[in-house]
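Report on the structure given below.
The values are calculated or read from the model by the stated rules, or taken from the named source; none is laboratory data. This one's a predicted model, so the numbers in the text were calculated from it and none came from an experiment. Cβ placement follows ideal geometry from the backbone for every residue including glycine, while neighbour counts extend to all protein chains displayed. Just the protein is used for accessible areas: all its heavy atoms, side chains included, with ligands, DNA and RNA removed. Shrake-Rupley method; radii C 1.70, N 1.55, O 1.52, S 1.80 Å.
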Amino acid sequence: MRLRHVFLLSLAASLSACVSSMPTAEKLDELEQKIRAEYRQEYVLLEDQRRSGALDAEGYQISKARLDQRVQNRVDTMAWSRHALVQSEMKANAIPTPDSPQINTPPGVGSLQGSVYNSTRQNGIGSQALGNLVRDMSSGGGAGGRNPGTMYDNP
């Protein structure tokens, strides 16, 4: 029973590492609601100024747009800063990220004996011996290196 709990805890920890830190629309909306709640007093103050006549309709719209922009800037900064922190922590722990992928180079050609990357040109016959063999086989066999249509043709 105890082993099962340890296994489930380790599984949960490993799966939590796979969760993306990229802000989604739902997360941004949730964060915006929290930030708007923090700025609620400023919205109320702005509305009171409009009702009392201290601000006309155009001034109210401009002030409200500025306040909305401040809220949106704070939401964006908080969401993307969190994402950047998670990405930098992953890079520091050598965990691959989209802008820092894992380096997975295959072994060099012929560097491992018996691997699928072996080449007969580098192991076995060798490149020069293989080249000589291919040249000899393609020269017509017993023609002694004389190919038809060349200056070495017999008259």
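Can you find a residue in the stretch 61-84 that is open to solvent by less than 80 Å² (accessible area, probe 1.4 Å) and at pLDDT below 80?
No, the stretch 61-84 contains no residue that is open to solvent by less than 80 Å² (accessible area, probe 1.4 Å) and at pLDDT below 80.
Under the condition of being closer than 30 Å to residue 65 by Cα and at pLDDT below 90, which residue from the stretch 1-26 is farthest from the chain's Cα centre (by Cα)?
Looking at the filtered set, the residue picked out is 25.
Do we find that residue 119 is at pLDDT below 90 and either among the basic types (Lys, Arg) or touching a Lys or Arg at 6+ places or on another chain (Cβ under 9 Å) (or both) in this structure?
It is false that residue 119 is at pLDDT below 90 and either among the basic types (Lys, Arg) or touching a Lys or Arg at 6+ places or on another chain (Cβ under 9 Å) (or both).
Enumerate the pairs (first residue in the stretch 35-48 and touching a residue at least 12 places away in the same chain (Cβ under 8 Å); second residue anywhere and among the aromatic types (Phe, Trp, Tyr)) with beta-carbon separation below 7 Å, excluding pairs fewer than 6 apart on the same chain, so at least 6 apart or on different chains.
Cβ pairs passing all conditions: 46/60.
Could you tell me how many of the residues in the stretch 34-44 are open to solvent by less than 100 Å² (accessible area, probe 1.4 Å), in a helix (DSSP H, G or I) and of a type outside the set (Val, Ile, Thr)?
Residues of the stretch 34-44 that are open to solvent by less than 100 Å² (accessible area, probe 1.4 Å), as a first pass: 35-37, 39, 42-44.
Cutting the leftovers down to in a helix (DSSP H, G or I) gives us 35-37, 42-44.
Those left that are additionally of a type outside the set (Val, Ile, Thr): 36-37, 42-43.
Residues meeting the conditions: 4.
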